[in-house]
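For reference, the structure is listed below as structure tokens.
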Amino acid sequence: ERRSSAFVASVHIAPESSERILPGVRREVVSMPSNMMDMKMVQCDCGFMMQSHSENEIVKMTQMHAKETHQQDMSAREVKGMMKPAMMMK
């Protein structure tokens, strides 16, 4: 059985920081260097989206979303298989 690629985490990026909005989880501000351009993302069919320069952060937050919102366990390998390049937002 294949799971749908229904997971994404969202980070809105300002010049020196990004704001991550995680539906039903929490809201926090994360500082990120503006010169890093290798952002990746994962997106969920439910609208959840995660963008980050850190694959580990994407894995952690996407796994948390899958568990809390969809009652699904996802391996790091599954999450990494869903990652795509993301564009920096200006």
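The values are calculated or read from the model by the stated rules, or taken from the named source; none is laboratory data. For clarity, every value in this text was computed on a predicted model and none was experimentally measured. Cβ sites come from the backbone with ideal geometry, for glycine too, and all protein chains shown count toward neighbours.
Of note:
- Single match in Met50, Met64, Met74 (criterion: outside any helix (DSSP H, G or I) and over 16 Å from Met39 (Cα atoms)): Met74
- Test set (1) modelled with pLDDT under 90; (2) in contact with a Ser or Thr (Cβ under 8 Å, 6 or more places away or on another chain); (3) among the β-branched types (Val, Ile, Thr) - Val42 fails condition number: (1)
- Unmet requirement for Arg77, which otherwise passes all of (1) modelled with pLDDT of 95 or more; (2) surrounded by 12 or more Cβ atoms within 10 Å (Cβ to Cβ): (2)
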